[in-house]
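Engineer: My questions will all concern the structure given below.
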Amino acid sequence: MSNPAAEAEGPVFSIQKLYVKDISFESPNAPEVFAIPDVQPHVELNVTMENQQVNEEHWEVSVKVSATMHDKKNDKLLFEVEVEQAALFFMQNIPEDHLPAILGVECPTIIFPYVRQLVSQLTVDGGFMPLLLEPVNFGAAFEASRAEQQQTIN
């Protein structure tokens, strides 16, 4: 049974809590990697998102970044970093058709600057230059994913 008073209210969207779910930095070849002359760094980067409904009005959304940096010239691992930043969002009276875009675009856009800062700080604390992640256009990624799903259906 629906609540007429709740339906009369407009949509509500707010962040309740922002937190680190997982964090890791490894430099297994230190200190040798700091003495390598003419390092030719190569970065491999992976960004993923997950969401789960916690209860009727709360969703957890997380953004995970995994990055490895190798020296191409000497084929040595310089470092490996993983950060999973999450947030708990309160959502009420959100139209069902708007929910995928909020979870796939709005929420990760709020979380990503925190992930970016953590990755940068971890690499600096590990003795390297900061790894500055380029901004991610979650809107474009969301639309590309929807278009891919449509092609799969057709």
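Engineer: Taking segment 87-146, which residues are closer than 16 Å to Val63 by Cβ, modelled with pLDDT of 95 or more and of a type in the set (Phe, Trp, Tyr)?
Structural biologist: Phe89, Phe112, Tyr114
Engineer: Here is a further query. Spot the failing condition for Gly104; the list is (1) part of a strand (DSSP E or B); (2) closer than 30 Å to Glu9 by Cα, and only one is missed.
Structural biologist: It is condition (1) that Gly104 fails.
Engineer: Let me ask something additional. Here are some residues: Thr109, Thr123, Thr68, Thr152. Which one is among the polar types (S, T, N, Q), more than 25 Å from Glu26 (Cα to Cα) and over 12 Å from the mean Cα position of the chain (by Cα)?
Structural biologist: Thr152
Engineer: Taking segment 14-42 on its own, how many of its residues are surrounded by 12 or more Cβ atoms within 10 Å (Cβ to Cβ), closer than 19 Å to Val124 by Cβ and under 18 Å from the mean Cα position of the chain (by Cα)?
Structural biologist: 3
Engineer: Can you tell me which of (1) surrounded by 18 or more Cβ atoms within 10 Å (Cβ to Cβ); (2) closer than 30 Å to Glu143 by Cα; (3) of a type in the set (S, T, N, Q) is the one Gln92 doesn't meet?
Structural biologist: (1)
Engineer: Counting just the residues of segment 117-137 that are touching a residue at least 40 places away in the same chain (Cβ under 8 Å) and out of contact with any helix residue (DSSP H, G or I) (no Cβ under 8 Å at 6 or more places or on another chain), which one comes out surrounded by the fewest Cβ atoms within 10 Å (Cβ to Cβ)? Let's see the steps before the verdict.
Structural biologist: So the first thing to find is which residues in segment 117-137 are touching a residue at least 40 places away in the same chain (Cβ under 8 Å), and the list is 118-119, 122-123, 125-128, 131, 133, 136.
From the residues that got through so far, the ones that are out of contact with any helix residue (DSSP H, G or I) (no Cβ under 8 Å at 6 or more places or on another chain) too are 118-119, 122-123, 125-126, 128.
Values: Leu118: 18, Val119: 24, Leu122: 20, Thr123: 21, Asp125: 10, Gly126: 17, Phe128: 20.
If we take residues in segment 117-137 being touching a residue at least 40 places away in the same chain (Cβ under 8 Å) and out of contact with any helix residue (DSSP H, G or I) (no Cβ under 8 Å at 6 or more places or on another chain), then Asp125 is surrounded by the fewest Cβ atoms within 10 Å (Cβ to Cβ).
Engineer: Restricting to segment 63-86, name every residue that is surrounded by fewer than 21 Cβ atoms within 10 Å (Cβ to Cβ), in a strand (DSSP E or B) and of a type outside the set (Asp, Glu).
Structural biologist: Lys64, Ser66, Ala67, Thr68, His70, Lys76, Leu77
Engineer: A follow-up question, please. Scan segment 43-53 residue by residue and report those that are loosely packed, with under 13 Cβ neighbours inside 10 Å and closer than 30 Å to Ile94 by Cα.
Structural biologist: Across segment 43-53, the qualifying residues are Thr48, Gln52, Gln53.
Engineer: Name, by its number, the condition in (1) over 30 Å from Phe138 (Cα atoms); (2) in a loop (DSSP other than H, G, I, E, B); (3) free of Cβ contacts under 8 Å to residues at least 60 places away in the same chain that does not hold for Val33.
Structural biologist: Failing condition for Val33: (2).
Engineer: In segment 119-149, which residues are hydrophobic (A, V, I, L, M, F, W, C) and in a loop (DSSP other than H, G, I, E, B)? Can you show your working first?
Structural biologist: Taking segment 119-149 and keeping what is hydrophobic (A, V, I, L, M, F, W, C), we get 119, 122, 124, 128-129, 131-133, 136, 138, 140-142, 144, 147.
Residues satisfying the conditions are Phe128, Met129, Leu131, Leu132, Leu133, Val136.
The values are calculated or read from the model by the stated rules, or taken from the named source; none is laboratory data. Since the model is a prediction, treat every value here as computed from it, not as a measurement. Glycine also receives a Cβ, built like all others from the backbone with ideal geometry; neighbour counts cover every protein chain displayed.
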